[in-house]
Every structure is written in structure tokens, then in C-alpha cells.
Amino acid sequence: MRQPFVAGNWKMNGSRDSAGQLLEALVRDFQPNGAEMVVCPPFVYLADAMRTLRGSAIKLGAQNVSAEESGAFTGEVAATMLQDFDCSYVIVGHSERRQLFGEDDENVARKFMAATRLGIRPILCVGETLEQRDAGETETVVRRQLDAVLEAAGVHAFVDAVVAYEPVWAIGTGQTATPDQAQAMHEAIRTRVGEADGTIGDRLRIVYGGSVKAGNAAELFAMPDIDGGLIGGASLDAENFLDICQSAEKAGAN
Ligand code: 13P
């Protein structure tokens, strides 16, 4: 039995005020009922978020982490610093970081390990572009992204990790993967990790990201290998995000 998981990736949105209001609404209205809920605000709002979330069941995550431990790395944020703000999770390898900030598989694997070394759970994002899908390369690309981390970190590092399958063409486009398309890739990811260790593969939470909304969450989460979602735009609205979380709880209870 895998606990459903829903995380909100706020990306570079909002203000200190709007972040505070969103968190307060989530804390007020979230009724934990089996799903794990995580919010990932921008770094600069983590301190406020930590205070607001104290005593609530909602966990805090960051959107990125440095692969380095400390030192002369201007603009970077170390895993130890995330620990200072009670971050339980950190997103690594988001396609926006891969595409816009030049992060490669090796980089992503090092970030994954920087997090797990300190007990911060990585949310490892993998996914293909539309070009790669059209060229029939979806499985190869996702497998390469996954293998880079499996080989560097070892399968045991996946015990506490979450994998997010986020097809790049579905992110922020309103074009969600169909439940069948997503399920096929989630199954492939689970099989791949399962080849390295069957128990870890079975227990691994694999969540879907890419234009998840209150209206399509239930059918996605009903698929056998989809254990929840990594939510962008819809996580900026408390009511929508809570709705999505409820869909994950219901799917988990079935
Ligand atoms: P959207 O939900 O806005 O498509 O973003 C998905 C995403 O990138 C989450 O990390």
C-alpha cells in the first residue's frame, strides 16, 4: 500500500503576501485523511512557510538544491540550508531546470544525492519533450534520466524518494497526458526500479505532473501506478489544490 502523495510546485510565482494567504488557507482547510501533502514555495518564502506550517500535517519542500555542500557557489542553496527550514522534500531535475538552466543527468543525480545524504526526500522529475515522444523515444529518454540517478545513487536511495513523471509537453499547456499514456510510463518506471530491487519498486511512489487540475485528477489517480501528482498552476489556488488532494485520498482508499 503506497500512501498517496500530492505536492504543489509554486515555481516562481506569487509574492510574500499571496504566499502567506495561500498557506493560511491550506492550513485552515486541509483535513488529513491518508494523503501526504507537500508545498514547495520559492526559497525566499521558506522561512515564513515553516512558521505557518508548524503543527500542521502539511509538509514543506524546496524547488531546487545545490549539488555542492558549501562554499563559493554564488546564488546556490545547500541541502543543509533546506534542513534549517524543515524541508522534508526537494524537487530535483524539473524539466524547467533541465531545459532553461542547463542541468544534465549527472547534475541531477548529484543533487539527488546531496538531498538523500541529509535525509531530505528528493522528488525526481523525469519526462520527455513532444519531439522525443513523436520520435518514439519516450521510454528511452525517461529510462536514461532514471538510470543516471539509479547508477549514481544506487537503488536503496529510492526508498525515500518520489519519482514524478512530467511529460514536458503537458506542463503548463493544459494538454494533460491521458490516464493510459501516463499509466504506461509509470508502469515502465516502476518496472525499471523493480529490476534493481523488487520491493523498492513496489513501494516507490510515482506521481504524475503536467496540467493536473481538480477536473482531471481523479481519473489520473485511479490508474494503478499513479500515486498522486506534482501540481504546478493549480497548486496556486487553495481550493483547487485541496480538491486535487482529496482525489488522491479517494484513489488511495479504493
Ligand atoms: P502545471 O501543473 O502548471 O502544468 O505544472 C506541472 C509542473 O511542472 C509541476 O512541477
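Bear in mind that the values in this text are calculations on the coordinates, not laboratory data. All values reported here derive from a predicted model rather than from experimental measurement. For neighbour counting, all protein chains shown are included, and Cβ atoms are generated from backbone atoms with ideal geometry for every residue, glycine included.
Sorted from largest down, give the three principal axis spans of the alpha carbons of segment 64-132, whole angstrom values.
Each principal axis gives a Cα extent; for segment 64-132 these are 40, 25, 17 Å.
Exposure proxy check: K11, K111 ranked by fewest other beta carbons within 10 Å?
On the way: K11 19, K111 25.
Exposure proxy ranking, most exposed first: K11, K111.
Using +1 on the beta carbon of Lys and Arg, -1 on that of Asp and Glu, and nothing else charged, what's the dipole of segment 76-138 about the Cα centre, debye to 20?
Values: 7 positive and 12 negative charges, 63 e Å.
I would put it at about 300 debye.
Ordered by residue, what ³J(HN,Hα) values in Hz, to whole numbers, does segment 82-93 give under the Karplus form 6.51 cos²θ - 1.76 cosθ + 1.60, where θ = phi - 60° and Gly and Pro are x?
Whole-Hz 3J(HN,Hα) from phi for segment 82-93: 5, 4, 4, 10, 6, 6, 8, 10, 8, 7, 10, x.
Can you compute the charge dipole magnitude of the chain about its Cα centre, using +1 on each Lys and Arg Cβ and -1 on each Asp and Glu Cβ, nothing else charged? Give it in debye, rounded to the nearest 20.
Details: 22 positive and 36 negative charges, 109 e Å.
Approximately 520 debye in magnitude.
If you place +1 on the Cβ of every Lys and Arg, -1 on the Cβ of every Asp and Glu, and leave all else neutral, what size is the dipole of segment 8-142 about its Cα centre, to the nearest 20 Debye?
Values: 13 positive and 20 negative charges, 121 e Å.
So the magnitude is around 580 debye.
Taking H as built 1.01 Å from N, whose amide H comes closer than 5 Å to the amide H of E103, not counting residues under 5 places away?
R98
Of the chymotrypsin sites (Phe, Trp or Tyr not before Pro) in segment 24-127, which ones lie in a loop per DSSP and count no more than 15 other C-beta atoms within 10 Å?
F73, F101
5 Å is the cut-off here: which amide hydrogens, built 1.01 Å from N in the peptide plane, fall below it relative to A164, excluding neighbours closer than 5 in sequence?
It is L124, C125, V126, V207, by chain and number.
In the chain, if the dipole is taken from +1 on Lys/Arg beta carbons and -1 on Asp/Glu beta carbons about the Cα centre, which of G209, V193, W10 is farthest to the positive end?
In the chain, that residue is W10.
From the phi angles alone, apply the Karplus equation (6.51, -1.76, 1.60; θ = phi - 60°) to segment 224-235 and give each ³J(HN,Hα) in whole Hz, x where the residue is Gly or Pro.
Per residue, the Karplus-derived 3J(HN,Hα) values read x, 9, 9, 9, x, x, 10, 10, x, x, 5, 7 Hz.
Quick one: compute the contact order of the chain, relative version, from alpha carbon pairs under 8 angstrom and 6+ residues apart, as a percent. Present the calculation step by step, with values, prior to reporting the outcome.
Details: 493 pairs, mean separation 55.9, N = 254.
Here the relative contact order equals 22 percent.
Using helices alone, I'd like the mean residue ellipticity at 222 nm for the chain: each DSSP H run of four-plus residues gives -39500 (n - 2.57), total over residue count, nearest 500. Intermediate values should be presented prior to the final figure.
Numbers: 11 runs with 113 residues, N = 254.
The helix contribution divided over the chain gives -13000 deg cm²/dmol.
Percent of Cα-Cα pairs per 5 Å bin, from 0 to the last occupied bin, for the chain, please list those.
1, 7, 15, 19, 21, 18, 12, 6, 1, 0, 0
Hull surface divided by four, with the convex hull built on the Cα atoms of segment 130-176: how many nm²?
Details: hull surface 15.8 nm².
Averaged projected area of segment 130-176's Cα convex hull equals 4.0 nm².
Using r as the Cβ-Cβ distance of D202 and Q175, and R0 as 30 Å, what FRET efficiency do you calculate, to the nearest 0.05?
Working: r = 31 Å, r/R0 = 1.02.
Once the sixth-power term is evaluated, E becomes 0.45.
Convert each backbone phi in segment 200-207 into a coupling constant with the Karplus relation 6.51 cos²θ - 1.76 cosθ + 1.60 (shift: θ = phi - 60°), then list the ³J(HN,Hα) values in order as whole Hz, x for Gly and Pro.
Values per residue, Gly and Pro as x: 5, x, 4, 8, 5, 8, 10, 10 Hz.
Name the residue farthest towards the positive end of the dipole of segment 99-254 from the options A253, A184, F101, assuming +1 on Cβ of Lys and Arg, -1 on Cβ of Asp and Glu, about the Cα centre.
The listed residue farthest towards the positive side: A253.
With 10 angstrom as the radius, rank L220, L53 by how many other C-beta atoms surround their C-beta, starting from the fewest. All intermediate terms of the calculation are to be shown ahead of the outcome.
Values: L220 25, L53 17.
So the ranking, lowest neighbour count to highest, is L53, L220.
Name the long-range amide H neighbours of G228: under 5 Å, sequence gap of 5 or more, or other chain; modelled H, no Pro or chain starts.
F5, Y208
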